Structures are given as structure tokens and as C-alpha cells.
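In what follows, a structure is listed as C-alpha cells, so that the remarks can point back to it.
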Amino acid sequence: MSDLNPFSALFNDNSAITNTSSKSKELSVNDILEDIFGFTLNPDHSRSKDLLYLEEVRNVHDKIELDVSLLHYALFERLFMCNENSELKLNPNKDNSHAYETKVLNYLYTAYKKLKGNKTLKPEDENEINEKIIQNVATAIIQPDIYSGQNIDSEMVYILKQAGDYYVTFFIEASRQALVEENGKESLLTFIGSMNKIITKELVDTTLISIDYSVFNYLDVLVSNELLADLFIKSCTPGRTHAGSEYAATPIGALFNLSVLPKVPGGKYVHYTDPMDQTGNSRAEGILWTNLDRINQSIHSFLLCLLKSSPNVKNDTLKWLGDCLKCNAHRGKIWNSQAPPELNPANYTVVTDGFMINMCNVLLRMCQPFCSNFKDNKILKVDPTYCAVPNEKLEAKNIHMEDLSSETCFLPVASNEDLEEERLMATSYNFITECFYMAHKAIDLGYRVGVDKLIRQNHEMGRMERAFNDAVHQSGSNSDLVGTIRERMNEELTKYLSLKCQLSDPILMKSMFDFISATSYWASQVAVRDVFSDNSCYSPLKESLIIFPLSHKIPNTLKCIPEFLVENIVSFLVFVRRFTPKSFEEQGYEKLSPILTFILIYMGSQHHMKNPHVRARLAEGLESLLPFHKDEPPGNNLGGYQRQMLFTQHPHKLKIVVNLMDVFVGIEMTGQSVEFEQKFNYRRPMYTVFDYLWELPDHRKCFQKLAEEAEQNMEAVNPPLFLKFANLLINDAIFLLDEALANMAKLKEMQQAQDNGEWANLNVRDRTQNITYMHHTGNLARFDNILGRDTIIALEKLTSKITIVFTHSTMVDRIASMLNYFLLNLVGPNKKNFKVRDAKDYHFDPAGTVLEICKIYVNLKDSDAFCLAVSQDGRSYSPSLFPLAEDVLIRIGGGTLIGELKEVADKVAEKAKEYKANEEAMMEAPEHFLDPIMSTLMTDPVILPSSKQTVDRTTIARHLLSDQTDPFNRSPLSMDQVIPNIELSEEIRRWIQQRKEN
């Protein structure tokens, strides 16, 4: 732009309009002017040519022919006749519509087109006529009120939307003239703002299906010129810049708001009105996807034009996008997706799901040039330190998105009292980096929130289906309650189908896959890039070889990357696995491979990812990559070959087991308070992955190798990984199965009360409360049964090949008592307490659990220590236990195990006999010989340094597997700190020897 004239951009014709050819014979100036303007000074011509007769001009100037010198007066008189207060009235019913046009801009635009089509005027005459037309248009723009009854802004919007001949130059020339006449841009800015309001209202009143795409003709004109684009983006600033929802009341925002979902909180879902019609749903989905692609492609093209218009316009456009994301940050809060819409105040202060998912869609399209093929390394130009820049330095570093410096990052920032470590920052940041982080923030606020809501919606539909079945059972299929629930189910299904359609748009899915794969590749490269040529840029730039184990030198750039990138990746993987698994196969191994590398790096290393909860989320992402899943939805006709290749051909596949085991243990060892339910939610997907990996020979060898290392280091100061894993596995099994049985017993009682008619005598409120509580208990039982069964299956698989760890003195008593307790409950006299109606709905499979427990007994039967431990479990073991189990095995088809289970029973009985003989010799041991925790005779007493208590080495070793504290005073403790009590040990040894001699 010229330094001398800030409006010079408008003096360049940027349009590419094709001139309309016209044939004309040699005409006089009068004839040409009459044709262009539709008026005359000759009454005969008025009648013969159907022209407007300007009698007053004729009388004042005493001429019957028009010329250029009279045009100013004639045109003024003609335009004045458009005024509703004019005494002269036009007759719009005449045949010559142009001559009798009542709208000022429509009239001038038609005259402008006729002038441009004329080829016979002298250049100087043509220029002067053009000037007169444009001056009057500019006057209308600057002072629209001089024409009463006229809507100048609406007329211009109509002209620009219709995109007729010369419409671009018409508006650009008029805008140029308005700037010159006013010597400023305030009036033009006001006029564009007024037109934007009209466009915004039109978009607010339309839908994804019914939108008139001529609106983009209007928008294209405004971005065809640098200054117009600048005025346009400035007029898009919301009325209240701090309110996120205000962005939907701008032209750009109103476009984003055109989606499958409602435009306002609590709005009506206008698609999938008959959700039970599967054929209709499929047809509607295809139509909606086509329209989503068209609207988002149109927005994308428009925004690209804005960004390319000029540096100033690019800056303002990026600022608009960044501010929109900042002002809608509350969408990303956990309560936004979990709270009911009607109870969530954020719904009324932020934009809708459809708006933000569409914004995500468009930003992802902008990322395509550097994400569609990560192997070209364009993605490596993204600088990881972008989010470290505080708000006060954003402008200097060319950043347009605020508040990212407060995000929690992969690694924490060191702080000392009031001083905080200063993180790495580049000199400035490129467009690729900004586009990358804006897209991720849009995913965080849009796509991820949508996925969370869809999963919750899915659960809600399952809950309602169970409530519907209960209501039918209780009241009959024709009751009012059943009808009410059926209507509600249809409403919820409509919401579900609408949100799923918006999220699974094929173009969006492809863009998301490219982006997530490229992000994973980039983040993996950041993890191994710790040397930089200078401090002006921290982008990886070039690919580095990834080798495990990773370097102990951890890049400080990881203190700058926000955790929400991980959440975005995992959320997308979970969505694909649950709703569109064939997308994995369509994208193929090449796109999936970087994702697995990323998961292995950050899931398996607390030095690269500090937060154990985020590492556990990565395990959920790993589960999503499994080639076959027990609850995979129907419709995937592509199998799982591409995903299977991840676990059989990936260069780092042998790190999966150890990294997954590490995060499994890490959840327990965080030192933080983790709720039981949350802990098991984290571990649930891990069990599924372990189960799959065990069946693959290469991965099974990894389990066995870790077990061998544990066998060689059972007494190590830092317990080996597999030992801690096995201990936690037993802890989980005990807790989950115990909770499951308790909840099944509660369900039994409630079902009996319901069947006996006790609930029928209750009032509606109490009966509803009982039904709700029964559903809640059923949900808990279902959760515990599923995960408890997974735990037992994992133990059975492991003990089939690995025994020494489970039969070591630190473990054997616990696994023996656990097996005895649950076997007794499932085959003993109390088993009737757990028999409920519709047991399969709660995933209660006592016969299957008995079978797995019996397999574990058989797997460990060769261990004398195990058989002895089984026999000494005074709470649950009795000689009748195994015969009862044999009866169950016969009924469920487990007859092949009976012979081996009898061997277990015989060996247990033998060890019980031997122990009894020895026990009699050890009776009456002094009190200080007994372990204060287990009340058993100590064989290797040790002193705990802080509490000074003496316990058996085996007891404290087992305790420290789960809790690294002194059990008597909670002080930190490890095995290398315990002190052998040599004097007491020798005293016990002498006492035992003396008892044996006697």
C-alpha cells in the first residue's frame, strides 16, 4: 500500500469481470444517455420509448436533448424521485422497469452496467458519466438518510449477492469515491458494518440445508481488495468482546454456526426427526455430510482470501480467530461436557458445539498443506515453545492467541518461592506454528468436547434402555410411564445421531487423522531433539532417529507443550475405535505408526510426561489401536489388518509391554490420592491390551523376561517392575471381586422386594428412588464384574507361564487367600445370595469366574509354598472346598480340569498335615516372636528405622510393594532402610531348635 495514500489499494481494479458485449449502431449522445438512465427531456420519446419524462429539467434548462453537461441536474432530479417524500411518484408498473426503478442503488447499478456495455461513447464522455454515477453511489453510502424510505445497505447487499456484470468494480469504485469525498473511512466502515449485520441476520435465520450460497458473492467482493478486507474484518469485532457467544453474531461466526446441531442452547434438533427410520437416517447423513463439506470449504476459501489480502488483514483475522478461542475457553472445562445443558451456565456465554466443531473443521483444512504428508517434514517447522509466551510478549512475537502460557504442560516448570523458571521462547513464530496450535485449541474446545458428550449420550441411551425394559417389566408395555420413556428415548436418539453425524463427517475425519498423525510424529521428534543451533527457533526441522531407551537428557521444550494435545489425540482415537473403526484401516499403517511411537514415548516415561493421569489416558489411546475389540460396532468390513501390523511390525513394538506395565504401576505410585473408581477406569483399557498382547509370542516373551528379572531381584531395594505389577493385580482382583459380590447381593435383595410387591405399596417418589438406587447399584456391579473378570483372566494367563513370582513368600499368602475366598463364595452355601434376575445384564458370570480361578490353582499347584498357603487360610479353606468346585466344573463343562484340581486338593491336604505337625511344635511362642501385623512367627525380623517396630522381612516387603511408607507412622520407607534384628533372629532360631528337640 502506498505510504502517501492509505486508500490507494482501492484505486486498483482487482476484479476479473468479463465485459458483456453489446451491439449498437451509431447513436447520438442523447439516445445513449436516454438508454443508460431511462429518462428523457423529450415528451415524444417518453411515450415512444417508455422513458421517464423529466419535465422540470426540461422547463428549467429549455432543452429537449440530453448531454453530458445536463446529466448532473437530470440525475439529481431522477434520484430525488425515488424519495418517498417526493411529490413526483414513479410508476413501477411500466414495462421499462429500469426507467421506473424506485430503489436508488438498483437504479444506479443498472445505469452503470449499461454504461460499461456501451462501446460508442467518447472516452472523456464515458469517464464523466461514470463519475456522475459513482459520485451518487458514494453519496448514498456516506449519507444514506438523504433518501428517505430507502434501505441503501440492503440494496447494496442484494446487488453484491446477485453477482451481476461489473458488480465488483461498481462497489470498489463507489467505495473509493466515498473515501475520497469524506477523506476518511468512518462512513464506509459504518456502511460495511451495516451490511454485515444484514448478512449475519440472514445466516442466523437460515440452516445448513437452506443456506443461500450467494452470501459468498458478497463476501468475495469484500476480500477482493485490501482496504475493503481490512474494514470487513474490523467490523466483525463482537459487541461484547469478552463474551464467547457474541462471536456467533458476526458474519464469520454465523457461518461457523451452520451445522447439524442447534444454533442456540436448548435449541431444536431439526434433523433425524424420525430416528427409528434407519434407511432415512442413512440418507439424511449423506445429505448432511455433503452440506457440511460445502459450507466448510466455502468458509475455508473465504478465510484464506482474508489471510492473503495483506499483512494487516492477516493479523486482524488471526486475532479474531485467537480471541474467539480465548473467549470460549470455558467450553474446555470438565463440567461443560458433564453438566446437564440446562444446569450449565457456560452454555449461554460460549458458542455452540456445532460452531466450534465447524471452526475446528476449517482450521484443520488450513493445516492440510503441512499435515497431509508428515514425511515431507513440513510439520517439523512447528515451534514447541509457542505456548510458553506470556500475554505481555505476544504482540512482539507475532502470536494472536492469549492465555496459553497458563496451560499445564508435559513437564512442570520449576519454581522457587515466588520465582518461576523462565521457559524457552523463540524470537517469533511462523504461520504454521500458529495454525497448528489454533487447530489444537479448536479441537480441545470443539471436537474433544463433542466426543465426550457423545460417549455420555451413548451411556445415557443405554441407561434409558434398561429403564425402559424395567418399566415394561413393572408396568406393562402400554403404560403411561413406558410411553413417556419411549418418547424421551426418541429425543435422545435424535441428539445422538445429530452429534455423531457432525463428528464423523468423512472430510473432517480425514483431516483429523492427518493432523493427529502429524502431531504424533512432531511430538516424537520434539522428545529426542535437545540440541538447537541458536535460540531464535526450537522447531525440530529435521527428522531424528528414535532409539529406545531414550536419552536421559530431557528437552526443556517439553515444558512448553500443553497437555491438551494428548487429550486431543486420545479423544480422537477413542472416537474412531468406538464409532468408526474402519477409519483405522482406511488410513493404514503409515498413518498409524507415528501415533504408536508417540504413545510409547510419553506413556512409558515420567521424565517426558510427568502427569500419571495423562500417561494413563495414553494407555486408553493404545487400547483404541487394538485390531479387534470386544465392543467394536458393526459395519467394519475392512477387518483389523492395518492395526495388527502395529503390534507385529512396528520398530518399537517390544517396548509396549514394559511401558504399559510401567504406567499401570505408576497410577498407584503417584503419591497422589486417586479414587478407586478412577484408578480402575484407567486400568480397564490396560487389561484389554495385556490380554491381546499375551496372545502374541513376541510380546509374551516380554512378559516372561520381566518376570525373570523380578525372580532374580525379589529382595531388591527398589522392587522390580513385574513384582509391583503382580502385587497390584492381586490387589485389584481382591477389591473388584469383593465389591462385585457385595453389589450383586444388594441387587438380589432389591429384586426380591420388587417381586414380592413391597415396592407397589410405596408412593411414587419412594418407588422412583428405589428404582434409581437399583440402577445405580446395577451400574456399579456391572463395572466391578467386568473389570474383576478381566483381572482374574490376566492372572490366569500370567500364572500359566510364570509361577515363581506369584509363589514367592511376599505374594503367596495373598494370592492363596484370595482364590480361596472367592471360590468359597461362588461354590459354597452363600452362592445363592448372588443369583439375580437378568444376570447377563450385569455381566455376572460366576461359572466363568470359577473356571478361571480353578485354572490358577492348577497353574500354581507345583509350588509347595502355594499349596501350604492354601491350606493355612483359616478364613475360607476347608477340605470340602475343592469337591464343591468340582461339582460346578462338571455342570459348566470344565471336566478336563477336574483331575488336575484333585491333584491340587491332595497336595494341599498333604501340606496341611505336615504343617499341623510343625505347628504343634511351635505353639506358645513368646509374644515378641510374632509379627505385629500378621500375628505369625517371624523368621527374619527387621527393625523399621522411624517407628522402631520389629516386623518380619516378608511382611514389610509385601507392604512396600503397594505403599512406600512405614505402616506404623506413615514415614517414607524403602527396603534398604530396614535394619536386621540379628539378636531377635538368633533368639527365635534357638527357640525353634529347642522346641524341635523337645
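The values are calculated or read from the model by the stated rules, or taken from the named source; none is laboratory data. This is a predicted model, so every value here is computed, not measured. Positions of Cβ are backbone-derived with ideal geometry, glycine not excepted, and every protein chain shown enters the neighbour counts.
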Task: In the stretch 251-285, the residues that are at pLDDT below 95 and either within 16 Å of Leu321 (Cβ to Cβ) or loosely packed, with under 13 Cβ neighbours inside 10 Å (or both) - done: Gly266, Gly267, Lys268, Thr273, Asp274, Met276, Asp277, Gln278, Thr279, Ser282, Arg283
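Given the criteria of a type in the set (Gly, Ala, Ser), in the same structural domain as Gln704 (by TED's automatic domain parsing) and touching an Asp or Glu at 6+ places or on another chain (Cβ under 9 Å), does Ala745 qualify? Walk me through how you get there before you give the answer.
On the way: of a type in the set (Gly, Ala, Ser): yes; in the same structural domain as Gln704 (by TED's automatic domain parsing): yes; touching an Asp or Glu at 6+ places or on another chain (Cβ under 9 Å): no.
Here the answer is no, as Ala745 does not meet what is asked.
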Task: Qualifying positions in the stretch 256-283 - among the aliphatic types (A, V, I, L, M) and over 22 Å from the mean Cα position of the chain (by Cα) - done: Val270, Met276
TODO: Sort out which residues of the stretch 205-241 are free of Cβ contacts under 8 Å to residues at least 12 places away in the same chain and farther than 18 Å from Leu189 by Cα, and write them in order of number.
DONE: Asp205, Ser210, Arg240
TODO: Select from the stretch 873-901 the residues that are surrounded by fewer than 19 Cβ atoms within 10 Å (Cβ to Cβ), in a loop (DSSP other than H, G, I, E, B) and not charged (D, E, K, R) and list them in ascending order.
DONE: Gly874, Ser876, Ser878, Pro879, Ser880, Gly893
TODO: Would you kindly identify the helices (runs of 4 or more DSSP H) lying entirely within the stretch 417-524 that contain at least 1 residues that are closer than 30 Å to Lys326 by Cβ, hydroxyl-bearing (Ser, Thr, Tyr) and assigned by TED's automatic domain parsing to the domain that holds Leu404?
DONE: 431-442, 480-503
Task: Set Glu186, Glu173: member being in the same structural domain as Tyr107 (by TED's automatic domain parsing) and without any contact (Cβ under 8 Å) to a residue 24 or more places away in the chain - done: Glu186
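Please list, ordered by residue number, the helices (runs of 4 or more DSSP H) wholly in the stretch 559-620 having 1 or more residues that are without any contact (Cβ under 8 Å) to a residue 40 or more places away in the chain and either surrounded by 24 or more Cβ atoms within 10 Å (Cβ to Cβ) or in the same structural domain as Leu545 (by TED's automatic domain parsing) (or both).
Counting at least 1 such residues, we get 589-603.
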Open item on the list: Return the residues of the stretch 752-790 that are under 20 Å from Arg837 (Cα atoms) and either in contact with a His (Cβ under 7 Å, 6 or more places away or on another chain) or basic (Lys, Arg) (or both); say none if nothing qualifies.
Closed with: Arg767, Arg782, Asn785, Ile786, Arg789
Open item on the list: Criterion first (among the acidic types (Asp, Glu), on the phi < 0 side of the Ramachandran plot and buried (at least 19 other Cβ atoms within 10 Å of the Cβ)) does Asp790 satisfy it?
Closed with: yes
TODO: Go through the stretch 676-700 and give me each residue that's at pLDDT below 90 and of a type in the set (D, E, K, R).
DONE: Glu677, Lys679, Arg683, Arg684
TODO: Residues being among the hydrophobic types (A, V, I, L, M, F, W, C) and within 29 Å of the chain's Cα centre (by Cα): count how many of those fall in the stretch 782-807.
DONE: 3
TODO: Show the residue pairs that are 6+ apart or on different chains and have beta-carbon atoms under 7 Å apart, the first residue being within the stretch 354-372 and among the basic types (Lys, Arg), the second being surrounded by fewer than 21 Cβ atoms within 10 Å (Cβ to Cβ) and assigned to a helix (DSSP H, G or I).
DONE: Arg365/His300
- [ ] Run down Leu394, Leu380, Leu404 and say which single residue is within 23 Å of Leu592 (Cα to Cα) and in the same structural domain as Asp353 (by TED's automatic domain parsing).
- [x] Leu380
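Taking the stated definitions as given, is Glu402 among the acidic types (Asp, Glu) and either over 26 Å from Asn358 (Cα atoms) or without any contact (Cβ under 8 Å) to a residue 24 or more places away in the chain (or both)?
Spelling it out, it is not the case that Glu402 is among the acidic types (Asp, Glu) and either over 26 Å from Asn358 (Cα atoms) or without any contact (Cβ under 8 Å) to a residue 24 or more places away in the chain (or both).
Scan the stretch 532-553 and tell me whether some residue there is outside any loop (DSSP other than H, G, I, E, B) and among the β-branched types (Val, Ile, Thr).
No, the stretch 532-553 contains no residue that is outside any loop (DSSP other than H, G, I, E, B) and among the β-branched types (Val, Ile, Thr).
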TODO: For Asn136, work out the one condition from (1) part of a helix (DSSP H, G or I); (2) polar (S, T, N, Q); (3) surrounded by fewer than 15 Cβ atoms within 10 Å (Cβ to Cβ) it doesn't fulfil.
DONE: (3)
Task: Qualifying helices (runs of 4 or more DSSP H) (wholly inside the stretch 307-389; at least 3 residues being at negative phi and either modelled with pLDDT of 95 or more or buried (at least 21 other Cβ atoms within 10 Å of the Cβ) (or both)) - done: 311-327, 353-371
